[in-house]
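Here the structure comes first, spelled out in structure tokens, and everything after it is commentary.
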Amino acid sequence: MKRKGRALKGGALLSPAILIVGMYLFLKFVLPLFTAPLPASLIFLYLALTVTGILIFNTLSGGSMEAFFGPIFRFLSGDGQAGPMKVARLLVLILFPLLVGWQTYASTAPSDHPPAENRTIHPAPPGEFVGLSNPVPNTPENVMMGKGLFAAFCSPCHGNFDGMGPAAKGFTPPPANFVDPGTIAQLQESYVFWRIKNGGVGLPIEGMPWKSAMPRWEVELKDEQIWKIIMGEYDGAHQKPRTWE
Amino acid sequence: MRGAHRLSVWCFGGIALFFGTAAPDSGFAQESVAVRAVMVKGGVPGEDPSAAAWNTVPVSEFPLSPQVHWAPRIGEVTAKSVKVRAMHDGQRMAVMLEYADPSEDPDDAAALEFMIGDKKAHFAHGQPMAQVEGGPVNIWYWKNKDAKVLDMNAKGFGTLKAQSQQDVTGKGVYQNGTWKVVFTRSLTTGDVDHDTQFKPGEFINIAFAIWDGKKLESGDLKEKGSQKAVSSWWYFRAEPPPDYSAYLYAALAVGLAAVFQFVIIRKLRKGRST
């Protein structure tokens, strides 16, 4: 009977443990699939919130109070402990202050890293570039001409549509890779027209225009040439422009 | 005993987890993104690229592109990358570029570019931006045959101009197919509108340009003007003086936590015995 009671009390601690580990794995590995990886300080904050939540939950639901805190108190006070439990307690008592010290160090040590770069790659275009449609008929000749212009003007940076041209290396952010589904496949032709015509310097502040090597092609190319290049670009990259259903 | 066993597993798991997440970020370790001007004692070694002090300074390397951002362009350039070292002593700073060039020519040249103050500036000579009000750039331009560094400003193509107040000195030394060019200046100057100010600890932007001034058969120079090897913006930081306060705070926190622990356990024990 006594034995069973103990096992149950251990069980009361097991589910919070699973919850915390699960939360950690989620923040560290699952969430970054959808967003940028979380900084360690943010993960720590979320875990601290989870722990606080668990503590509050167990404090409020009176019945489980003793089941939850009982084993912890007994463990910490060290009454009648022997063998591995004694060692475990000692370790916890040594490690806890060290942990607090480490956390303090990590949060007060001066940062050695350049400021984080939160560049928006596809910021909103100016109003006059919304909803334009390609005025050039999509004929094989026009696509061919577009590809020719692309080879002449764009390939030094964008390479064979893959962003790996001979002049790509020195530029950050790197020239866009149009084969990647994250670039022109996400964009309408109207948007791409804006990006080519106004270039990197046409970006709003969240696009960090001062860093972009993308030329402002309106200086050198006619609108019609740009529309042809867009056709050649999608064709060469085997992508389709996004359309609004 | 099983419950107790689980308990210890839980505790260790928790501790491991805390340490795991507390590890400082290491996102920028793979490649150079910043020039780090280390702090040295007893002065920076003037304009001498062969001074022993340079051997103790960390090296960053940045790739360069042929300038194809604006016309007139160039498709192929001599310098493919540049190695950069820097140091400061709290008063003066020195930056050294090192790059391969098979021939020494009078028109060989190299330049550093910085933003000035808080205004963002495009890396291509601070050219105007459509939606952001940009600022000027400060350019330090060294040319072999002039044997000096010009302190310049630009705000848009065709606006490059030497300052009336020259603050930068420098020197290039060519040896075994390698140029080493040193630029030196005081960290701060009185002219905040034209000169970049370097505050130790602060990251600012830096860009590079290199010209191979070799004379071609045609009589033209291989690289000149906008036909050069370039980079876009990277980071530069004059390292701050060592700051040990984080260790002090950490030690204090360890002490506090130990006292806190001691008090709690005493209280727990008292509660049990009564």
Quiz item: Under the classification rounded if a/c is under 1.5, otherwise prolate if a/b is larger than b/c and oblate if not, where does the range A:137-245 fall, given a ≥ b ≥ c as square roots of the Cα gyration tensor eigenvalues?
Solution: rounded
Quiz item: Helix hunt in chain A: which complete DSSP H runs extend at least 27 Å axially by C-alpha with mean Kyte-Doolittle at least -1.0?
Solution: A:2-25, A:40-60, A:83-108
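Helix-only estimate, please: 222 nm mean residue ellipticity of the protein assembly as shown, summing -39500 (n - 2.57) across DSSP H runs of length 4 or more and dividing by its residues, to the nearest 500.
Details: 10 runs with 175 residues, N = 519.
-11500 deg cm²/dmol, from helical runs alone.
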Quiz item: For A:Tyr24, A:Tyr46, what ranking results if the residue with the fewest other Cβ atoms within 10 Å of its Cβ goes first?
Solution: A:Tyr46, A:Tyr24
Quiz prompt | Set of lysines with alpha-carbon distance to A:Lys169 below 16 Å, sequence-local pairs under 8 removed | solution = A:Lys211, B:Lys80, B:Lys83, B:Lys228
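Taking the Cβ of B:Asp167 as the centre, find all other residues whose Cβ is under 10 Å away and add up their charges (Lys, Arg: +1; Asp, Glu: -1). Mind dumping the intermediate values first?
On the way: positive: B:Arg185; negative: B:Asp151, B:Asp191, B:Asp195.
Every neighbour counted, the sum reads -2.
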Quiz item: Can you list the lysines whose alpha carbon sits under 21 Å from that of A:Lys228, skipping same-chain ones fewer than 8 residues off?
Solution: A:Lys147, A:Lys197, A:Lys240
Practice problem: Sum up the charges of everything whose Cβ sits under 11 Å from the Cβ of B:Ile74, counting Lys and Arg as +1 and Asp and Glu as -1, but leave B:Ile74 out. | Solution: +1
Quiz prompt | Choice from B:His125, B:His88, B:His69 showing the highest fluctuation, given a GNM over chain B with Cα pairs closer than 10 Å | solution = B:His69
Self-check item: Relative contact order computed over chain A (Cα-Cα under 8 Å; 6+ residues apart), in percent
Solution: 17 percent
Self-check item: Reachable aspartates and glutamates, given that their alpha-carbon falls under 15 Å from the alpha-carbon of A:Lys28 and they are not under 8 places away in the same chain
Solution: B:Asp25
Quiz item: Between the range A:123-148 and the range B:44-99, what's the alpha-carbon centroid distance in Å?
Solution: 42 Å
Practice problem: Report the residue, chosen from B:Ser218, B:Ser232, B:Ser186, that carries the largest GNM mean-square fluctuation when chain B is represented by alpha-carbon nodes joined by springs under 10 Å. | Solution: B:Ser218
Quiz item: Between the helical axis of B:2-22 and the dominant principal axis of chain B, each derived from Cα atoms, what acute angle in degrees is found, rounded to the nearest 10?
Solution: 20 degrees
Self-check item: P(r) tail fraction, the range B:193-274 - alpha-carbon pairs more than 18 Å apart, %
Solution: 73 percent
Quiz prompt | C-alpha long axis of helix B:245-273 to longest principal axis of chain B, angle in ° | solution = 10 degrees
Quiz item: Looking only at A:Ile205, A:Ile229, A:Ile94, which one moves most when chain A is put into a Gaussian network model with springs between Cα atoms under 10 Å?
Solution: A:Ile94
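Taking a ≥ b ≥ c as the square roots of the Cα gyration tensor eigenvalues, with a/c under 1.5 meaning rounded and otherwise prolate when a/b beats b/c, else oblate, which class fits the protein assembly as shown?
Working: a/c = 3.15, a/b = 1.66, b/c = 1.89.
Oblate.
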Exercise. Any chance you could check the Cα centroid distance between the range B:215-274 and the range A:212-245 for me, in angstrom?
Key: 43 Å
Quiz item: Given Cα pairs under 8 Å that are at least 6 residues apart, what percent is the relative contact order of chain B?
Solution: 20 percent
Self-check item: Residue mean of other protein chain beta carbons inside 10 Å, A:29-35
Solution: 0
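Read-outs: derived from the displayed coordinates by stated rules, not from any lab. Treat the numbers as computed from the prediction; the structure is a model and nothing was measured. Don't worry about glycine lacking a Cβ; one is built from the backbone with ideal geometry, like all the others, and counts go over all protein chains shown.
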